[in-house]
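Below: the structure, in structure tokens.
Only the coordinates and a few stated rules stand behind these numbers; no lab work does. Keep in mind it's a predicted model, so treat the numbers as computed, not measured. FYI the Cβ positions are ideal-geometry reconstructions off the backbone, even for glycines, and counts take in every protein chain you see.
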2 protein chains.
Amino acid sequence: MLDFQFYSPTEFVFGRGAEAQVGTLIRKHGGSKVLLHYGGGSAERSGLLGRVRQSLVAAGVAFVELGGVKPNPRDTLVYEGIGLCRHEQVDFLLPVGGGSVIDSAKAIAMGVPYEGDFWDFYSGKSPSAALPVGTVLTIAAAGSEGSGDTVITKEDGLLKRGAGSDLLRPRFSILDPELTCTLPPYQTACGITDIMAHVFERYFTPTTEVEITDRLCEAVLLTMLKEAPRVIADPGNVDARANILWAGTVAHTNLCGVGRAQDWNSHGIEHELSAKYDCAHGAGLAVIMPAWMTHCCGRAPARFAQMAERVFGVTPDPHDPAAVGREGIRRFRAFLARIGMPTTLAELGADPKDVPEMIAKLGLGEDGHMDGYVPLSPADVADIFRIAGEA
Amino acid sequence: MLDFQFYSPTEFVFGRGAEAQVGTLIRKHGGSKVLLHYGGGSAERSGLLGRVRQSLVAAGVAFVELGGVKPNPRDTLVYEGIGLCRHEQVDFLLPVGGGSVIDSAKAIAMGVPYEGDFWDFYSGKSPSAALPVGTVLTIAAAGSEGSGDTVITKEDGLLKRGAGSDLLRPRFSILDPELTCTLPPYQTACGITDIMAHVFERYFTPTTEVEITDRLCEAVLLTMLKEAPRVIADPGNVDARANILWAGTVAHTNLCGVGRAQDWNSHGIEHELSAKYDCAHGAGLAVIMPAWMTHCCGRAPARFAQMAERVFGVTPDPHDPAAVGREGIRRFRAFLARIGMPTTLAELGADPKDVPEMIAKLGLGEDGHMDGYVPLSPADVADIFRIAGEA
């Protein structure tokens, strides 16, 4: 295990109707004027935004609004939000929605007190200040409600990049499982895939002696295997929704990843895919992740065999861990297909001719490799795309 | 799953030599004059206290000292600490030690700003303020470094009682696995037992649909089954120590217990045992917990069967879950014996004649029952003591 720091100061308020507490929570955490930030019309139509406004008014919290966040949220709206917050002297960000809305709010939160271009933080610079953020979550997926991470897409050139800082960890997050019950099966499955990816990217590590975090990772994965088919078959199952919702948060606070090197190469490769085709992040991951696993299993089978045995119930075979690993990967891919995810590039509408362009955009380091459990060269990434193209 | 709030704002700094950061962390979290609180001579002899003082001086943090905390920490020293902090205008508590030292510091932290008797908080009153606490942990056991809980023993009558509030969650906790390497095997095993108890008391719940927390509980338990024998066989194994140390923290932040009713009856019964005989808390738990399980398994076998299957690898038998559960309990008791724990009252030096007195002290509710996964009457508790008396 490596040395680490773990700091997750978010106050999680989990429960049916918990959004009624939002005004009080803003007050408790020091906000007096908020930017209410959201996406399209569903939060309005469902009545959620109305209930949130009512709670703000009741608590005496002033607010301005900025809607229109898209999936794969854009820098253009972030600039607009920064300008609005400065003009209106907003002191607290309140995203109501899924990961895209929260990520957009985090970008605004860093941008407001910063004199330069907020995109600097998505190019490697660390923020030294940020407005506080509190969230009302509507989709179990990104884990942004409990993380210090944010991903934004630059409209010009469709560059999708991430930033992270403990300063961005939400002060509070409201998690109401009932809000997630109206999410259609496809989006639900995309969220489930994203949650599992957040765990896998931590699970595949070259760091040894990490039993506690291994077991915590497996806890989230096993939960998803049980609950995901239930919620796909019965989207209104609030018990299964609740388990998935909290698992999604646990998956990405980094509790499952402390003390170990992590491997975010699947996420990195997928970002090029969703930037290029504007596909759902989870759908892209469903295609890339098993392909990444297949490519890497032969080169470093130990962790794939452990995953296969502990998560997918494959019988151990010390003489052929790669075969055990491959069987685990096969079961994972079958699971993804069963919950309605695409598992090939063609299903995403991706064109093999675009692969070289996507590889070029990855911005590999000076030695032309992506570090990770298994280091990847551009040729390795091409092989992963090749596998992802196979039915 | 029940609605819940989860708030664990402690900054955990985990690593070899991390205690060198203590002065900086005190400053970061707003302290300027601290009470350095500790137990007996081992922290002094090992050089740890010297390194802590050095770090405080280097960071310009003033401090006064109060040593002498005993296992099962006493109210008498808490009163002394409250007086000292008031007189010296201390604004931050710094316990250096195990759970007893941290619990004593938390009691002082509540007592300083309170006009009444601090014991009120151990009699059901909730605190409205507390001085901040930061910890340097030396023993993996109590989980107090990440919890809002504290247990104090009243010298007069040896009443052992708990209190809890999110106000008591440490601002930071320093976890250096190397500090735990010198702990003798018996105390190490006591800590391991306490950690597992903190999970079991959450695991046995009447609440249904709690897959994510079930799996998280099992993650900690499985980690202990792997790492405990390693560290008992080789106390200097810092890798195994590191896994146990972090597992012990995760076991008691309440991450494993949110959204479910919990059953702390084993802890409650054991507190009478350690108050009466001043035995190690973990050793008392090793005797009481399997006896409690045996008593309850026949009445509500489902969760014992799940524990047996998922944690102890017992083959499922849907026709006889109680038998599956009993086999799991047998394996748990064998595990405790293997790591050197007592598993009978006689090994603790307890006298069966004292049982009625201990039951009387439990302070059962008006209906004479302890609530829990299985509600317990005084006769049930007597049966648990009877089972605990069997070899």
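For the stretch A:35-78, restrict the atom set to alpha-carbon positions and state the Rg and Dmax in Å.
So, for the stretch A:35-78, Rg and Dmax equal 11.6, 33 Å respectively.
Could you work out the mean count of beta carbons from other protein chains within 10 Å of each residue's beta carbon in A:213-224? Mind showing how you got there, number by number?
Working: counts 6, 5, 13, 9, 1, 4, 12, 4, 1, 7, 7, 3.
Taking the mean over all residues of the peptide, I get 6.
In terms of the ratio Rg/(2.2 N^0.38 Å) built on C-alpha atoms, what value belongs to the stretch B:59-120?
Numbers: Rg = 11.2 Å, N = 62, 2.2 N^0.38 = 10.6 Å.
Taking the Cα Rg and dividing by 2.2 N^0.38 Å, one obtains 1.06.
How big is Rg to Rh over chain B, alpha-carbon atoms, Rh as the Kirkwood inverse-mean-distance radius? Kindly include the intermediate steps, with their values, before the conclusion.
On the way: Rg = 20.4 Å, Rh = 21.2 Å.
Ratio of gyration radius to Kirkwood radius: 0.96.
Work the Kirkwood hydrodynamic radius out for the stretch A:172-226: mean of 1/r over every pair of different alpha-carbon atoms, inverted, in Å.
Working: mean 1/r = 0.0769 Å⁻¹.
Evaluated on the stretch A:172-226, it is 13.0 Å.
Compute the distance from the alpha-carbon center of the stretch B:66-98 to that of the stretch A:201-245, in whole Å.
42
Calculate how large, on average over all directions, the projected area of the Cα convex hull of the stretch A:303-359 is; give the answer in nm² to one decimal.
Working: hull surface 20.9 nm².
Quarter of the Cα hull surface area: 5.2 nm².
Report the full-extension gain for the segment A:E88 to A:R330: residue separation times 0.36 nm, less the Cα-Cα distance, to one decimal in nm.
Length gained between A:E88 and A:R330: 81.8 nm.
For A:E65 and A:Y186, FRET efficiency with R0 = 25 Å and r from the beta-carbon atoms, rounded to 0.05? The partial results should precede the final answer.
On the way: r = 28 Å, r/R0 = 1.13.
Calculated value: 0.30.
For peptide B:166-173, how many partner chain Cβ atoms fall within 10 Å of a residue's Cβ, on average? Let's see the in-between values first.
Numbers: counts 1, 0, 0, 1, 0, 1, 2, 1.
Average per residue, whole number: 1.
Residues of A:13-20, mean number of Cβ from any other protein chain within 10 Å of their own Cβ, rounded to a whole number? Before the final figure, lay out each step's value.
Working: counts 5, 8, 6, 1, 1, 3, 0, 0.
Per-residue shielding by partner chains comes out at 3.
How far apart, in nm, are the 7 Å Cα→Cβ label points at A:S42 and B:R386?
Going from the A:S42 label point to the B:R386 one covers 5.9 nm.
Find the centroid of the Cα atoms in the stretch A:246-325 and in the stretch B:318-391, then give the distance between the two in whole Å.
If you average the Cα positions of each part, the centres end up 43 Å apart.
Within chain A, which whole H helices from DSSP have a Cα span along their axis of at least 30 Å and a mean Kyte-Doolittle hydropathy of -1.0 or more, if any? Let's see the in-between values first.
Working: long enough: A:211-233 (34 Å, 0.54).
Both cut-offs are met by A:211-233.
Given just the C-alpha atoms of the stretch A:267-329, how large is their convex hull per residue in cubic angstrom? List each step's numbers first, then the result.
Details: hull volume 4.6 nm³, N = 63.
In the stretch A:267-329, the Cα convex hull volume per residue is 73 Å³.
In the stretch A:10-76, which trypsin sites (Lys or Arg not before Pro) fall in coil by DSSP and have 14 or fewer other Cβ atoms within 10 Å? Kindly include the intermediate steps, with their values, before the conclusion.
On the way: sites: A:R16, A:R27, A:K28, A:K33, A:R45, A:R51, A:R53, A:R74; in loops: A:R16.
Those satisfying the criteria are A:R16.
Which order do the peptides A:341-353, A:114-126 take when ranked by the mean count of other beta-carbon atoms within 10 Å per residue, highest first? Walk me through the numbers before you get to the answer.
Working: A:341-353: 17.2, A:114-126: 14.7.
Ranking the peptides A:341-353, A:114-126 by packing returns A:341-353, A:114-126.
In whole angstrom, how far apart do the alpha carbon centroids of the stretch B:113-174 and the stretch A:159-176 sit?
31
When you count, for each residue, the other Cβ atoms within 10 Å and take the mean per peptide, how do B:314-322, B:90-98 rank with the highest first? Write out the running numbers ahead of the final one.
Values: B:314-322: 13.1, B:90-98: 27.0.
Final packing ranking: B:90-98, B:314-322.
Quick check on packing: order B:294-303, A:303-312 by the mean number of other C-beta atoms within 10 Å, highest mean leading.
Numbers: B:294-303: 18.2, A:303-312: 22.4.
Result, highest mean first: A:303-312, B:294-303.
Roughly what % antiparallel, to the nearest 5, for the DSSP beta bridges in chain B?
Working: 7 of 28 bridges.
Counting only bridges with both partners in chain B, antiparallel ones make up about 25 percent.
Only counting other Cβ atoms within 10 Å, I'd like A:I387, B:I244 sorted with the fewest neighbours first. Kindly include the intermediate steps, with their values, before the conclusion.
Values: A:I387 18, B:I244 28.
Ordered by Cβ neighbours within 10 Å, fewest first: A:I387, B:I244.
Going by a ≥ b ≥ c, the root eigenvalues of the Cα gyration tensor, does the stretch A:199-288 fall in the rounded group (a/c under 1.5), the prolate group (a/b larger than b/c) or the oblate group? If you can, show how the numbers build up before the last one.
On the way: a/c = 2.52, a/b = 1.10, b/c = 2.29.
Taking the square roots of the gyration eigenvalues as a ≥ b ≥ c, the stretch A:199-288 is oblate.
Would you calculate the convex hull of the Cα atoms in the stretch B:185-388 and tell me its volume per residue in Å³? Each step should come with its number before you reach the end.
Details: hull volume 23.0 nm³, N = 204.
Cα-based convex hull of the stretch B:185-388, divided per residue, equals 113 Å³.
Can you compute the equivalent ellipsoid semi-axes for the stretch A:72-222, i.e. the square root of 5 times each eigenvalue of the Cα gyration tensor, sorted largest first and rounded to whole Å? Please list the in-between numbers first.
Details: eigenvalues 151, 72, 44 Å².
So the three semi-axes of the stretch A:72-222 are 28, 19, 15 Å.
Taking only the C-alpha atoms, wrap a convex hull around the protein assembly as shown and report its volume per residue in Å³ as a whole number.
Details: hull volume 131.0 nm³, N = 782.
Expressed per residue, the convex hull around the Cα atoms of the protein assembly as shown is 167 Å³.
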